[in-house]
Number of protein chains: 2
Amino acid sequence: MTDQTDTMDRPEDDTEDDYALRNRVVASAIQAAEDGDRARLVQVFEPLHPADIADLLEQVNAEDRTQILRLAGDYIDGEILSEIDEDIRDSVVETLSPAVLAEAVRELESDDVVDILEDLDQLQQEAVLDALDVVDRIAVEQALAYPEFSAGRLMQREVVISPEHWSVGDAIDHMRAHTDLPEQFYHIVLVDPRHRPTAYVTLGRLMSSRREVALKDITEESFRTFDVTEDEGDVAYAINQYHLITAPVVDEDGRLVGVILIDDAMAVLDEEHEEDVLRLGGVGDESLSNSTFEIVKRRFPWLGINLATAILASIVISIFEDVLQAVVALAVLMPIVASMGGNAGTQSMTVAVRALATRDLTGSNALRVVRREAAAGFLNGVIFAVVMGIVGVIWFGSPAIGFVIAVAMVVNLLVAGLSGVLVPLALDKFGVDPALAAGTFVTTVTDVVGFFAFLGLASVVLL
Amino acid sequence: MTDQTDTMDRPEDDTEDDYALRNRVVASAIQAAEDGDRARLVQVFEPLHPADIADLLEQVNAEDRTQILRLAGDYIDGEILSEIDEDIRDSVVETLSPAVLAEAVRELESDDVVDILEDLDQLQQEAVLDALDVVDRIAVEQALAYPEFSAGRLMQREVVISPEHWSVGDAIDHMRAHTDLPEQFYHIVLVDPRHRPTAYVTLGRLMSSRREVALKDITEESFRTFDVTEDEGDVAYAINQYHLITAPVVDEDGRLVGVILIDDAMAVLDEEHEEDVLRLGGVGDESLSNSTFEIVKRRFPWLGINLATAILASIVISIFEDVLQAVVALAVLMPIVASMGGNAGTQSMTVAVRALATRDLTGSNALRVVRREAAAGFLNGVIFAVVMGIVGVIWFGSPAIGFVIAVAMVVNLLVAGLSGVLVPLALDKFGVDPALAAGTFVTTVTDVVGFFAFLGLASVVLL
C-alpha cells in the first residue's frame, strides 16, 4: 500500500494511472476507516497533499467521512480545512474537537481563516475566533466586516511594504530583520507617508539589483490597485487579464489594507466558472457531496420553472388541436421543431453568456453580434428548411407538409439566434446573471414561437 | 477624450462605469480609424494595457480592424500580439509589415513566441522565426517540437537555477552578476549535477535569510515537477489544486527544461473552461470575432446531429400515430414530456461533466453518484407526477390521461437522472470529451424513452 500512495504524489505520472491510484487511495482510506484502523488511515494520509486529503473527504459518503474524522480528526489541519468544499465544511468542523479546530486555524494566514469562517454558523464561528490570539482575531473580524465575495474577504492582510525612498539595501535589511514575513509574497509594495500604495517591485528585480539602487527606479509597470469592496470575480478577471501576481487592495481613502495573490484569484476564477457551468445547466449550486435529498431540493425549483414554461408551449399547441386532429403527421414533426429551435437558441445563448462573462460582449459590439446571430440563424434556417422540406415530402408524401416544416424551420432558427443573444443582453442590463436565467427564457421563446409558426402555418395551408 | 481613456485604466472604478468607458474607448478608436486619424488612434491606445488593446481589436469588426492596423500597425507590439485571440491573430499578423512583426516578437519570452507561432501558417511562422536571433530561434523551434497543448509548449525556458550546495549569498551574488535574468521568476530551482531539479526556494524566503544559510535548508514543501509531454490542462489543474506559483518542467531523463508560471496556467484554465462551456452549449470553438459565415459553418454540424436525433424521436412518435389520432390531448402534452426529461437530464449531466473535469467524479465514487442520481430522478419524478397528474385531470378532465402523464413523468425523470451521469462516465471511459458529446446523447435518450413511455402507455390505457 505504501508504494501506491507514495506514487500518487507524483503528478508527472500518466494521467490514467494517476486516477487509478487515486481510486485505490480513496478505497484504502475507506477500508481503514471501516476497520477502525487509525494507523493505516494515517499511513494513507501521510504522503498526500492537504488539497488531496480534502478531495478524499469530499469523495467518500457522509458515513465514511464521519468515521474517518472520528479516527483521525486530529490529522485535519488548517490547510486541509481551507481546501474542503464549503458544502461539507460545516460537517467536518462539527466533528472536530475545539482543541483540534483551534490548532488548525491558528497556523493559517488571515485570508484562509476568513474563507473557512464565512461558511460556518454563528456558534462555530465563535469557537474558531476564540482559538485565535487577539491580533489575528481582530484581523479576521475586520475582514468579515467586508461584504461577501469582496476583495476585502479574499485578500491577505500580511504585506511587505516599504517607504518610497528606500533603496534595495534598505529593503533587504528590513526583510532580514523581520522573522514574521508573510508565508507567500512576491512583491514589495511602496507606500507613501499616508500608507497609500504607489508602486511595487518584484523580488526578482530586487534580488538582481545592487544595494544602492532606489526602489522607485525598479518598479513594475503592471502595478494597479483594487478597491476593498470590489467584487472578487472582477479582481480575478483583472489578475488574469493583466497577468498580475500581486494585487494591492486599498480602502476608501486609498490606503493599503492587504494584497490578493494570484493563486487565490485562480481559485476564484475556477469557482466562478463552476457556478456559470452549473447555472447554464439549470443546477443552482450543487456538488457531488450533496445528499440525494439535497439535490432533489436544489433541482426541484428549476424543474418547476421549466414545467411552467413547457405548459405555456402546450397551451400554444392546444390552440391548434383542430389541425393536429386532421393531420397527425404534424404531431410527429413537432419535436423536431422544438429540438432544433432549442438547440440553435442554446448555441447562440452559450456564446453570448460566455462573452458577457469574459467582457467580450459589450455595448460597442452588441449590435454587430445581434445582426450576426440573426444572419447566421437565418442561413442555418434556410439550409435545414431545404433538408426538412425534402424529409417532409419523402416521409409523408406531402409537399404541403414539407413546405410548412421548411418555413417553420427558418422562422424558428432565426428567432432562436436572435433570442439567444437578446435575452442574455437584456438580463445583463437588468443586473440578472444571464447564466442563471437565460436558458429558460430562450427555450420558452423558441418553443412558443416555433410551435406557433409551425402549427399556425399548418392551419392556414393544410386545413 | 483623454480623460476618459485615462480613467479606463483604473479597474477600481465601479464596474458599470468601467464598461461604459470601455465602450466609449472602442467607439473613439473606430471613429479615429474611419477618419484616418492616426494621431487620435495612438492617443486612444496610449493609456491602454496591451491586453485591453487586444480586446479592442477583437471587439471591432474585420473592416475596422484592418483600418486600425493600417493606420497604427507599428503600434502593435509582441505583448499585444500574444494577447490577441487566436481566431483573428492570423489576420492581424498578415497586415503587419515583416519589420514590425520582427520587432514585436523579439522582445518576448520564448513561451509567448511559441504561443503566437503555433496558430500561424507555415509562411508566417517562417517570417517570425527569421526575425529571431539564432539562440531564440533554436529555443522556439525546440518548444514547437513538443506536442500541442503540452507542458513543453506552455513553459518558459528561462529559469534561474542553482547547484544544490549553494548558500543564500551565493545565489544573490549570482543573480546580481547576471543581467539576463527572466522577466518573471519567483523561485530559484535547485538542480543536481545532472541538471535534474530537486527542490526550490522562494525569493521571499531567500530574501529574509542570512547569506550563510544553505539553500537546501530553506526549500519549499510544495515542490513537484511536471513532464514536458504532460497535457497543459493537467498542469494547470495541479497548479490550481496545490497553489503552485512555479512548476518546473523536466524531460524524459528528469532534466530541467523550463518552468510554467501560474499566470500562464491561469490563462490555460480559463481557456479550458471556455471550451467546456461552449462544448456543453453545442458550439465547438467559436468567438465573437468570427464572421457570420464562420459561425454558420461551425454550428451547422451540431444542428445536423441534433436533427438526426430529433428525427429518431419523431420516428418513435410515428409508431403511435393511432393513439395520437384518437386522443389529440397527447400531442398537446408531448412537449412537457420532452422538456422535463431534457431538463432533468441536462441537470444531471452538467453536474457529472463538471465533476469529471474537476476530477471530483472518479471510479471510487461513481457508483454512489449513479445511485444518488437515480434516487433523485425518481423522487423528483414522483413529485412532478403528482403535479402533472392533477394538471392532466383538470385540463383534460380525464383521470386516464392524468395517470399516463404521471407515470411517464416518473419513468422520464428516472431515466434522465441515470443517463445524465452514465453517458458522461461512458464517454470519459472511451476517451471522448464528455462536454462535447454528452448533451446530444442524453437528450436523445430522454426524448426516445420519454415519448415511448408516454405514448406506449397511452396506447395501452386509452385505446
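The values are calculated or read from the model by the stated rules, or taken from the named source; none is laboratory data. Bear in mind that the values here come from a model prediction, so they are computed numbers and not experimental data. Virtual Cβ from ideal backbone geometry, glycine too; neighbours counted across all protein chains shown.
Here are the numbers for the structure shown:
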{"item": "Matching residues in the range B:350-370 - criterion: being in contact with a helix residue (DSSP H, G or I) (Cβ under 8 Å, 6 or more places away or on another chain), more than 7 Å from chain A (Cβ to nearest Cβ) and either under 17 Å from residue B:426 (Cβ atoms) or part of a helix (DSSP H, G or I) (or both)", "result": "B:352, B:353, B:356, B:357, B:366, B:370"}
{"item": "Flag for residue A:392 being touching a Ser or Thr at 6+ places or on another chain (Cβ under 8 Å), part of a helix (DSSP H, G or I) and farther than 21 Å from residue B:322 by Cα", "result": "no"}
{"item": "Residue list for the range A:433-463, restricted to those being without any contact (Cβ under 8 Å) to a residue 60 or more places away in the chain and of a type in the set (S, T, N, Q)", "result": "none"}
{"item": "Selection within the range A:81-111 - in contact with a Gly (Cβ under 9 Å, 6 or more places away or on another chain), closer than 18 Å to residue A:263 by Cβ and assigned to a helix (DSSP H, G or I)", "result": "A:110, A:111"}
{"item": "Check on residue A:325, farther than 21 Å from residue A:459 by Cβ and in a helix (DSSP H, G or I)", "result": "no"}
{"item": "Condition met for residue A:134 (surrounded by fewer than 16 Cβ atoms within 10 Å (Cβ to Cβ) and either touching a helix residue (DSSP H, G or I) at 6+ places or on another chain (Cβ under 7 Å) or of a type in the set (Val, Ile, Thr) (or both))", "result": "yes"}
{"item": "Neighbours by Cβ (under 6 Å, 6+ apart or cross-chain): first from the range A:210-227, in a loop (DSSP other than H, G, I, E, B); second surrounded by fewer than 16 Cβ atoms within 10 Å (Cβ to Cβ)", "result": "A:211/A:169"}
{"item": "Meets criteria (among the charged types (D, E, K, R), buried (at least 21 other Cβ atoms within 10 Å of the Cβ) and within 24 Å of residue B:40 (Cα to Cα)) for residue B:79", "result": "no"}
{"item": "Residue A:423 within 23 Å of residue B:307 (Cβ to Cβ), in the same structural domain as residue A:347 (by TED's automatic domain parsing) and buried (at least 21 other Cβ atoms within 10 Å of the Cβ)", "result": "no"}
{"item": "Among (1) in contact with a Leu (Cβ under 6 Å, 6 or more places away or on another chain); (2) at pLDDT below 95 - the single one residue A:233 does not satisfy", "result": "(1)"}
{"item": "Qualifying residues in the range B:146-187 (those that are part of a strand (DSSP E or B) and within 26 Å of the chain's Cα centre (by Cα)) - the one surrounded by the most Cβ atoms within 10 Å (Cβ to Cβ)", "result": "B:156"}
{"item": "Every residue from the range B:165-182 that is in contact with a helix residue (DSSP H, G or I) (Cβ under 8 Å, 6 or more places away or on another chain) and either within 21 Å of residue A:219 (Cα to Cα) or in the same structural domain as residue B:109 (by TED's automatic domain parsing) (or both)", "result": "B:172, B:175, B:176, B:181, B:182"}
{"item": "Condition met for residue A:106 (touching a helix residue (DSSP H, G or I) at 6+ places or on another chain (Cβ under 8 Å), without any contact (Cβ under 8 Å) to a residue 24 or more places away in the chain and farther than 21 Å from residue B:244 by Cα)", "result": "no"}
{"item": "Qualifying residue in the range A:299-313 (condition: in a loop (DSSP other than H, G, I, E, B) and more than 18 Å from residue A:447 (Cβ to Cβ))", "result": "no"}
{"item": "Residues located in the range B:183-194, provided they are away from chain A (no Cβ under 12 Å), out of contact with any helix residue (DSSP H, G or I) (no Cβ under 7 Å at 6 or more places or on another chain) and either at pLDDT below 95 or farther than 21 Å from residue B:111 by Cα (or both)", "result": "B:191, B:192, B:193, B:194"}
{"item": "Pair list, Cβ under 7 Å, 6 or more apart: the range A:399-414 residue assigned by TED's automatic domain parsing to the domain that holds residue A:446, other residue in a helix (DSSP H, G or I) and of a type in the set (S, T, N, Q)", "result": "A:412/A:446; A:413/A:380"}
{"item": "Enumeration of residues in the range B:355-377 that are farther than 24 Å from residue A:29 by Cβ and crowded, with 18+ Cβ neighbours inside 10 Å", "result": "B:374, B:376, B:377"}
{"item": "Check on residue B:404, away from chain A (no Cβ under 13 Å), assigned to a helix (DSSP H, G or I) and farther than 30 Å from residue B:242 by Cβ", "result": "yes"}
{"item": "Candidates A:414, A:379 - the one that is more than 9 Å from chain B (Cβ to nearest Cβ) and within 13 Å of residue B:296 (Cβ to Cβ)", "result": "A:414"}
{"item": "Among (1) closer than 30 Å to residue B:146 by Cα; (2) at the interface with chain A (Cβ under 7 Å from one of its Cβ atoms), the one test that residue B:313 misses", "result": "(1)"}
{"item": "Elements of type helices (runs of 4 or more DSSP H) in the range B:17-80, at least 2 residues being acidic (Asp, Glu)", "result": "B:50-59, B:62-72"}
{"item": "Boolean, residue B:127 is small (Gly, Ala, Ser), over 22 Å from residue B:228 (Cβ atoms), free of Cβ contacts under 8 Å to residues at least 40 places away in the same chain and crowded, with 21+ Cβ neighbours inside 10 Å", "result": "no"}
{"item": "Hits in the range A:322-348 - residues which are within 21 Å of residue A:310 (Cβ to Cβ), at the interface with another protein chain (Cβ under 7 Å from one of its Cβ atoms) and among the aliphatic types (A, V, I, L, M)", "result": "A:324, A:331, A:332, A:333, A:334, A:336, A:338, A:340, A:344"}
{"item": "Boolean, residue A:459 is buried (at least 17 other Cβ atoms within 10 Å of the Cβ), closer than 17 Å to residue A:330 by Cβ and more than 13 Å from chain B (Cβ to nearest Cβ)", "result": "yes"}
{"item": "Count of the range B:266-298 residues which are in a loop (DSSP other than H, G, I, E, B) and more than 7 Å from chain A (Cβ to nearest Cβ)", "result": "6"}
{"item": "Matching residues in the range A:312-333 - criterion: being closer than 20 Å to residue A:439 by Cα and either crowded, with 19+ Cβ neighbours inside 10 Å or of a type in the set (Phe, Trp, Tyr) (or both)", "result": "A:313, A:314, A:316"}
{"item": "Among (1) touching a Leu at 6+ places or on another chain (Cβ under 9 Å); (2) crowded, with 19+ Cβ neighbours inside 10 Å, the one test that residue B:241 misses", "result": "(1)"}
{"item": "In the range A:153-175, the residues that are within 13 Å of another protein chain (Cβ to nearest Cβ) and of a type outside the set (A, V, I, L, M)", "result": "A:156, A:158, A:162, A:169, A:170, A:173, A:174"}
{"item": "Total residues in the range B:204-234, condition facing another protein chain (nearest Cβ under 8 Å) and within 20 Å of residue B:257 (Cα to Cα)", "result": "7"}
